[in-house]
Amino acid sequence: MCKVLVVDDDPDFLEITRMVLEREGYQVDLAQSGPQALEKLRQSPPDIVLLDIMMDTVLEGLHISHEIHENPDLKGCKVIMVTSIMDTDKAGLFPTDEYVPVEAWLTKPVQPDKLLTIVGKYCTHRK
(Lines give C-alpha, C1' and ligand atoms only; values in the text may rest on other atoms or scores of the structure.)
Protein backbone atom coordinates (compact mmCIF):
# COMPACT_ATOMS: atom_id res chain seq x y z
CA MET A 1 0.00 0.00 0.00
CA CYS A 2 1.24 3.47 -0.86
CA LYS A 3 1.69 5.77 2.14
CA VAL A 4 1.17 9.52 1.65
CA LEU A 5 2.00 12.30 4.12
CA VAL A 6 -0.02 15.47 3.45
CA VAL A 7 1.57 18.62 4.89
CA ASP A 8 -0.47 21.82 4.93
CA ASP A 9 -1.56 24.42 7.48
CA ASP A 10 -5.11 24.49 6.07
CA PRO A 11 -7.24 21.93 7.96
CA ASP A 12 -9.87 21.90 5.19
CA PHE A 13 -7.26 21.04 2.56
CA LEU A 14 -5.87 18.29 4.81
CA GLU A 15 -9.28 16.71 5.38
CA ILE A 16 -10.44 16.87 1.76
CA THR A 17 -7.14 15.50 0.48
CA ARG A 18 -7.22 12.71 3.08
CA MET A 19 -10.75 11.71 2.02
CA VAL A 20 -9.89 11.69 -1.70
CA LEU A 21 -6.76 9.59 -1.21
CA GLU A 22 -8.21 7.15 1.34
CA ARG A 23 -11.23 6.52 -0.90
CA GLU A 24 -8.75 5.25 -3.51
CA GLY A 25 -6.94 2.99 -1.04
CA TYR A 26 -3.97 5.13 -0.05
CA GLN A 27 -2.71 5.15 3.55
CA VAL A 28 -2.71 8.82 4.60
CA ASP A 29 -1.03 10.68 7.45
CA LEU A 30 -1.40 14.43 8.08
CA ALA A 31 0.88 17.20 9.36
CA GLN A 32 -0.02 20.86 9.88
CA SER A 33 3.51 22.30 9.90
CA GLY A 34 7.03 21.67 8.71
CA PRO A 35 8.35 20.60 12.13
CA GLN A 36 5.43 18.21 12.59
CA ALA A 37 6.08 16.80 9.10
CA LEU A 38 9.77 16.25 9.85
CA GLU A 39 8.90 14.37 13.04
CA LYS A 40 6.47 12.12 11.16
CA LEU A 41 9.03 11.60 8.39
CA ARG A 42 11.62 10.44 10.92
CA GLN A 43 9.14 8.09 12.63
CA SER A 44 7.73 6.44 9.53
CA PRO A 45 8.87 7.67 6.09
CA PRO A 46 6.06 7.72 3.54
CA ASP A 47 6.32 6.94 -0.16
CA ILE A 48 5.00 10.39 -1.11
CA VAL A 49 4.89 13.78 0.61
CA LEU A 50 2.30 16.31 -0.57
CA LEU A 51 3.87 19.54 0.67
CA ASP A 52 2.49 23.07 0.83
CA ILE A 53 5.00 25.91 0.40
CA MET A 54 3.43 28.63 2.56
CA MET A 55 2.83 27.53 6.15
CA ASP A 56 4.33 29.03 9.32
CA THR A 57 6.76 30.92 7.07
CA VAL A 58 6.33 31.92 3.44
CA LEU A 59 8.80 29.34 2.10
CA GLU A 60 8.60 26.70 4.85
CA GLY A 61 7.67 23.93 2.42
CA LEU A 62 10.62 24.78 0.20
CA HIS A 63 12.97 24.36 3.16
CA ILE A 64 11.33 21.07 4.14
CA SER A 65 11.74 19.74 0.59
CA HIS A 66 15.48 20.44 0.81
CA GLU A 67 15.69 18.69 4.20
CA ILE A 68 13.95 15.63 2.78
CA HIS A 69 16.25 15.62 -0.24
CA GLU A 70 19.40 15.93 1.88
CA ASN A 71 18.48 13.23 4.42
CA PRO A 72 19.74 9.79 3.31
CA ASP A 73 17.07 8.07 5.45
CA LEU A 74 14.37 9.79 3.38
CA LYS A 75 15.88 9.10 -0.04
CA GLY A 76 12.84 7.10 -1.19
CA CYS A 77 10.30 9.85 -0.38
CA LYS A 78 8.86 11.53 -3.44
CA VAL A 79 7.86 15.17 -2.90
CA ILE A 80 4.92 16.74 -4.70
CA MET A 81 4.70 20.47 -4.01
CA VAL A 82 1.17 21.83 -3.66
CA THR A 83 0.89 25.60 -3.70
CA SER A 84 -1.04 28.75 -4.40
CA ILE A 85 1.98 31.02 -3.91
CA MET A 86 1.99 32.20 -7.52
CA ASP A 87 -1.48 33.66 -7.01
CA THR A 88 -0.44 35.75 -4.00
CA ASP A 89 1.57 38.86 -3.31
CA LYS A 90 4.30 36.53 -1.97
CA ALA A 91 5.13 35.16 -5.44
CA GLY A 92 8.16 37.43 -5.73
CA LEU A 93 9.72 35.73 -2.70
CA PHE A 94 9.85 32.36 -4.45
CA PRO A 95 13.40 31.70 -5.71
CA THR A 96 13.33 31.12 -9.46
CA ASP A 97 17.07 30.47 -9.71
CA GLU A 98 17.21 27.68 -7.13
CA TYR A 99 16.90 23.93 -7.62
CA VAL A 100 13.76 22.69 -5.91
CA PRO A 101 13.96 18.95 -5.14
CA VAL A 102 10.44 17.86 -6.03
CA GLU A 103 8.99 15.36 -8.47
CA ALA A 104 5.92 17.39 -9.42
CA TRP A 105 3.91 20.55 -8.78
CA LEU A 106 0.20 20.94 -8.15
CA THR A 107 -1.54 24.30 -8.03
CA LYS A 108 -4.33 24.97 -5.54
CA PRO A 109 -7.18 24.45 -5.76
CA VAL A 110 -6.29 20.87 -6.67
CA GLN A 111 -8.85 18.88 -8.62
CA PRO A 112 -9.28 15.34 -7.23
CA ASP A 113 -8.62 13.64 -10.58
CA LYS A 114 -5.37 15.59 -11.04
CA LEU A 115 -4.31 14.76 -7.47
CA LEU A 116 -4.93 11.05 -8.01
CA THR A 117 -3.11 11.03 -11.35
CA ILE A 118 0.01 12.66 -9.93
CA VAL A 119 0.06 10.62 -6.71
CA GLY A 120 -0.49 7.42 -8.71
CA LYS A 121 2.41 8.28 -11.00
CA TYR A 122 4.87 8.51 -8.11
CA CYS A 123 3.51 5.75 -5.89
CA THR A 124 6.20 3.09 -5.42
CA HIS A 125 3.81 0.59 -3.82
CA ARG A 126 0.67 -0.09 -5.79
CA LYS A 127 -2.61 -0.01 -3.91
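Here are some notes:
- Of all residues making up the stretch 22-39, the number that are part of a helix (DSSP H, G or I) and either of a type in the set (Asp, Glu) or within 21 Å of residue 116 (Cβ to Cβ) (or both): 3
- In the stretch 47-75, residue surrounded by the fewest Cβ atoms within 10 Å (Cβ to Cβ) [restricted to those that are aliphatic (A, V, I, L, M) and closer than 18 Å to residue 17 by Cβ]: 54
- Evaluation of residue 22 against (1) modelled with pLDDT of 95 or more; (2) touching a Gly at 6+ places or on another chain (Cβ under 7 Å) (one fails), failing number: (2)
- Condition check for residue 28: of a type in the set (Val, Ile, Thr), over 12 Å from the mean Cα position of the chain (by Cα), under 22 Å from residue 121 (Cβ atoms) and surrounded by fewer than 22 Cβ atoms within 10 Å (Cβ to Cβ): no
- The set of residues in the stretch 40-59 being in contact with a strand residue (DSSP E or B) (Cβ under 8 Å, 6 or more places away or on another chain) and not in a loop (DSSP other than H, G, I, E, B) consists of 40, 41, 48, 49, 50, 51, 52.
This table checks each residue for (1) of a type in the set (Phe, Trp, Tyr); (2) more than 16 Å from residue 105 (Cα to Cα); (3) modelled with pLDDT under 95.
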site: 27; (1), (2), (3): no, yes, no
site: 30; (1), (2), (3): no, yes, no
site: 60; (1), (2), (3): no, no, yes
site: 64; (1), (2), (3): no, no, yes
site: 78; (1), (2), (3): no, no, no
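The values are calculated or read from the model by the stated rules, or taken from the named source; none is laboratory data. Owing to the predicted nature of the structure, the values given are computational and were not obtained by experimental measurement. Methodologically, a virtual Cβ is constructed for each residue, glycine included, from the backbone with ideal geometry; neighbour enumeration extends over all protein chains shown.
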